[in-house]
């Protein structure tokens, strides 16, 4: 089997070599050895890196993602957690759509100033409440 040098793996996956070393350090991926000073990886690591990227995009932490791989690196995706994360993304999307619609309304509002626009006032009130919940 032909192994991938860390530079080749970095180029193929789009993941910087420093990140690959970090992922190896925390146990997300494993090298199979070295060729000189350069780490060598099995080709299936490319698939692992794609899954790690997907997990990060979905909002999973690296620790969560680490738990989604068996010791041999094969994926063991927790379907129930994936459903919960998809539900959370749906809610986030709905919130972002509401925000987008409010911003469009404020941009087109016929009120003389934004502070006279009732929808803008509600948006400001909501933003201040949201900021207060994120402090604690």
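Residue by residue, here is whether (1) touching a residue at least 12 places away in the same chain (Cβ under 8 Å); (2) farther than 29 Å from residue 7 by Cβ holds:
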| position | (1), (2) |
| --- | --- |
| 43 | yes, no |
| 58 | yes, no |
| 68 | yes, no |
| 74 | no, no |
| 95 | no, yes |
| 100 | no, yes |
| 106 | yes, yes |
| 120 | yes, yes |
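Here is a yes/no grid of residues against (1) over 20 Å from the mean Cα position of the chain (by Cα); (2) more than 23 Å from residue 90 (Cβ to Cβ):
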| site | (1), (2) |
| --- | --- |
| 41 | yes, yes |
| 46 | no, yes |
| 65 | no, no |
| 72 | yes, yes |
| field | Residue satisfying all of: in the range 108-117; surrounded by 10 or more Cβ atoms within 10 Å (Cβ to Cβ) and assigned to a helix (DSSP H, G or I); farthest from the chain's Cα centre (by Cα) among these | value | 116
| Only one residue in 96, 130, 84 is closer than 30 Å to residue 30 by Cα, outside the structural domain of residue 24 (by TED's automatic domain parsing), out of contact with any strand residue (DSSP E or B) (no Cβ under 8 Å at 6 or more places or on another chain) and loosely packed, with under 12 Cβ neighbours inside 10 Å, so which one is that? | 84
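The values are calculated or read from the model by the stated rules, or taken from the named source; none is laboratory data. Fair warning: this is a prediction, and the values are worked out from it, not measured in the lab. Backbone-built Cβ (ideal geometry, glycine too); neighbour counts: all protein chains shown.
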